[in-house]
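Shown next, in structure tokens, is the structure this report addresses.
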Amino acid sequence: MTPRLRRLLWIAGSFVAGLIALALVIPLFVDINRYHDTLEAKAEELLRRDVTLGTMKPTLLPIPGVSVKPLAIASDRKGDPPLFKAESLSAHVRILPLLGGEIAVASLIAHHPELNLHRYPDGHTNLPDLSAAGSAPSAPQPTSAPSEGGLSLSKLRHEGGRLCLV
């Protein structure tokens, strides 16, 4: 190996090692918890019920994401157990779709989740109606119109979950 090629490999290797070190160090200095109240308010507006987010922590490797410890979404009736609660929830996103305005979740992992589904005597359930969330009634959209943004989920995993149907 020539000295010039060896030097070029050292520079490239140092650059890659520096990027990896930077990706490991950045989450230590970025405080995403300053957006805690804003995110909680947006989630409550979307779901039209109380949402409690715990401490949030960003990650950059192996793919960008955030974890929340703990998380709870209240039921629509007082006195009922929460609709959903988890010890922690981790979400990782894909970068390229995010740059295009779409949220493409690569993985969503819930640790010890608990889902309490209720069907009341009048026939409705405690699940939120996301189709009407945050918008006033409007004229139906034509089916050929392209969607603005969207959400896709590639991998959903739960560990130690519990489902309660009432």
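How large is the Kirkwood hydrodynamic radius of the range 1-61, in angstrom, based on all distinct alpha carbon pairs?
Working: mean 1/r = 0.0667 Å⁻¹.
Radius from the Kirkwood sum: 15.0 Å.
Normalised by the number of residues in the chain, what is the relative contact order in percent for Cα pairs under 8 Å and 6+ residues apart?
So the answer I get is 18 percent.
Got a sec? What order do ILE95, ILE73 fall in by accessible area at 1.4 Å, biggest, i.e. largest, first?
Final ranking, largest accessible area leading: ILE95, ILE73.
Pull up the cross-link candidates among the aspartates and glutamates for LYS78, meaning alpha carbon to alpha carbon under 15 Å and not fewer than 8 places away within one chain.
ASP50
How much of the accessible area of the range 1-115, probe 1.4 Å, is carbon plus sulfur, in whole percent?
That fraction is 68 percent.
Straight-line reach only, C-alpha to C-alpha below 29 angstrom: list the lysines that LYS57 could link to, leaving out same-chain residues fewer than 8 apart.
Partners within reach: LYS42, LYS69, LYS85, LYS155.
On a 0 to 90 degree scale, rounded to 10, what angle separates helix 3-29 from the longest Cα axis of the chain?
Orientation of helix 3-29: about 30 degrees from the principal axis.
Output the direction-averaged projected area (hull surface divided by four) of the convex hull of the alpha-carbon atoms of the range 1-141, in nm². Kindly include the intermediate steps, with their values, before the conclusion.
Details: hull surface 54.3 nm².
For the Cα atoms of the range 1-141, the hull's average projected area reads 13.6 nm².
The values are calculated or read from the model by the stated rules, or taken from the named source; none is laboratory data. Note that this is a predicted model, so its numbers are computed, not measured. Each accessible area value is taken on the protein alone, full model and side chains, heavy atoms only, with ligands, DNA and RNA left out. Shrake-Rupley method; radii C 1.70, N 1.55, O 1.52, S 1.80 Å.
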